[in-house]
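A quick write-up on the structure given underneath.
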Amino acid sequence: MNLDNVDIVGVAFLVGMALLSGYFLLLRIREFYVEKPDPKLTYATIVELEKLVGQFHQFQRDTKMDLEAHDRRRSRSVAGIHELIRKNAEHIAALIAQTEMTSQRISELTIKTERLQEKIKL
C-alpha cells in the first residue's frame, strides 16, 4: 500500500466516524425531546373533539330538562303542602270550636247537676 492512500483512508475513516457520531448524537437529542407516548395515540382528533363537544351539549340539555322537571315537581309538592297546611288549619279551628262548645256544655251540665243536688238535699 501506498502511504498517500493510507493517509486518505485514515482521514476518510475519521471523517466517517465523526459524521456517524454526529448523526448518533442528533438521534439521541431527537429521542430525548420526542413526546412519549406518541401524540397520535394520545391526542384526540378534531372529529373526536367535535363528537365529545356534542355529547357534552347533549348532557347539558338533558341536565337542564331534568332540573326543570325537578323544579316543576318541587313546585307541585310545595303547593300540595300549602294545601295540606290550610286544610289542617281549618280542621284545627273546627276542633277548637267543638272543644269550646263541649266545655260550655260541660259547664252548663255541671251547674245544672249542682242545682239538682242542692234541691235534693233540701
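The values are calculated or read from the model by the stated rules, or taken from the named source; none is laboratory data. None of these values were measured; they are calculated from a predicted model. Heads up, the Cβs are rebuilt from the backbone with ideal geometry, glycines too, and the neighbour counts pull from every protein chain shown. Heads up: the accessible areas ignore ligands, DNA and RNA and are worked out on the full protein's heavy atoms, side chains in. Shrake-Rupley method; radii C 1.70, N 1.55, O 1.52, S 1.80 Å.
Going by the structure shown, is residue 57 open to solvent by 90 Å² or more (accessible area, probe 1.4 Å) and part of a helix (DSSP H, G or I)? No; evaluated as a whole, the condition is false for this residue.
Looking only at segment 13-37, filter to residues that are open to solvent by less than 100 Å² (accessible area, probe 1.4 Å) and modelled with pLDDT of 90 or more; which one of those is nearest to the chain's Cα centre (by Cα)? Result: 29.
Comparison of 48, 90 shows that the only residue that is acidic (Asp, Glu) and modelled with pLDDT of 95 or more is 90.
Filtering segment 40-47 for residues that are in a helix (DSSP H, G or I), more than 24 Å from the chain's Cα centre (by Cα) and not β-branched (Val, Ile, Thr) leaves a non-empty set.
Residues satisfying the criterion are absent from segment 13-26 (criterion: in a helix (DSSP H, G or I) and either touching a Gly at 6+ places or on another chain (Cβ under 6 Å) or acidic (Asp, Glu) (or both)).
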